[in-house]
Amino acid sequence: MPVHKVIVDVLLKPEILDPQGQAVANALPSLGFAAPVSVRIGKHVEVEVDTDTPDDALQQVGKMAEVLLANPVIEDFRVRLA
Amino acid sequence: MRIGVVTFPGSLDDRDAQRAVRLAGGKAVALWHGDADLQGVDAVVLPGGFSYGDYLRAGAIARFAPAMGSVVDAAKGGMPVLGICNGFQVLCESHLLPGALTRNQHLHFVNRDQRLRVASTATSWTADLPDEITIPVKNGEGSFVADEKTLDALEAEGRVVAYYVGGNPNGSLRDIAGITNERGNVVGVMPHPEHAVEDLTGPGTDGLGFFTSVLKAVLSTA
């Protein structure tokens, strides 16, 4: 079976405060950058799986994201093929 | 009364929790994360620390430990379970308690003695507590969050067990320091009652009430 690389992007839901993003947003102007409107920081996860088809890979990793990689109470995630 | 304390890789406060159980008059039973056998304990404490290095999210990996499978089943059957700090995070990740604990709003790790207003004594772990207590708080990811509907329900149903007073240490919504489930047998608190059980080593003995409460709760259902 071929190896497929699947990417999971996990981000705090829009209504959840992101203090890391805010700290970075506040730091940027002191480095001479224009103040950004907002900065949100999340996680980028790359998972390689051995499956028959790319769709199977997406489905398998999507399930992993649902159960473990993201916490649906505070985070949204998106799954895509690399 | 046998009170189990689960040790995960990265637990820090398991010995303190065992000691608190003994000082309250119970028998502390060391439980291992990799063992699903709860050894017939009457209640369980999930201690503070950094289980599995807090990788991914605090409490996210601990939730899948064999011991946690048994704890979740036992909790659903009514066994008293207390999660302290990292243990609270594990209870939320296990969906035994609603909401989640996120990075402190100001990003700093906080370690100080904290005043709490006890808002519910109708749980297995808080029946003995007075209106106000002071116990240490020490966390980096202790900011309690949940959607408005959940927060409203928690407050309306009397399921907030304690509020921060004299300053919110981590940005928790509505100053919530601890909550319980519908049945009142599962309690999660971010501050550390097990560090306030002797005058010599803590801000007082206000934390002892959590452990004497559960001993009485177990006795009354036995």
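Numbers below:
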{"read-out": "Likely footprinting exposure, B:TRP125, B:TRP32, fewest C-beta neighbours within 10 Å first", "value": "B:TRP32, B:TRP125"}
{"read-out": "FRET efficiency for A:LYS13 and B:TRP32, using Cβ-Cβ distance with R0 set to 51 Å, rounded to 0.05", "value": "0.90"}
{"read-out": "Cross-link reach list, aspartates and glutamates versus A:LYS63, counting only Cα pairs under 13 Å and skipping chain neighbours closer than eight places", "value": "A:ASP55"}
{"read-out": "Residue-averaged beta-carbon neighbours from other chains (10 angstrom radius) around A:66-77", "value": "4"}
{"read-out": "Span from the the range B:190-222 Cα centroid across to the the range B:1-32 one, whole angstrom", "value": "12 Å"}
{"read-out": "Selection from B:VAL118, B:HIS33, B:VAL187, by position along the positive dipole direction of the protein assembly as shown (Cβ)", "value": "B:VAL118"}
{"read-out": "Cross-link partners of B:LYS27 among lysines (Cα-Cα below 20 Å; sequence separation of 8 or more within a chain)", "value": "B:LYS216"}
{"read-out": "Gain upon complete extension [B:THR205, B:LYS149; 0.36 nm per residue less C-alpha separation]", "value": "16.6 nm"}
{"read-out": "Cβ charges +1 (Lys, Arg) and -1 (Asp, Glu), total dipole of the range A:3-81, debye", "value": "380 debye"}
{"read-out": "Residues of type lysines that B:LYS149 reaches as a straight line, Cα spacing below 25 Å, ignoring anything fewer than 8 places off in the same chain", "value": "A:LYS13, B:LYS76"}
{"read-out": "Efficiency of FRET between A:VAL3 and A:LYS43 - r from beta-carbon atoms, R0 30 angstrom, step 0.05", "value": "0.85"}
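Coordinate-derived values only; no laboratory data. Predicted, not measured: the structure shown is a model, and the values here were computed from it. Note that each Cβ is placed from the backbone with ideal geometry, even for glycine, and that neighbours are counted across all protein chains shown.
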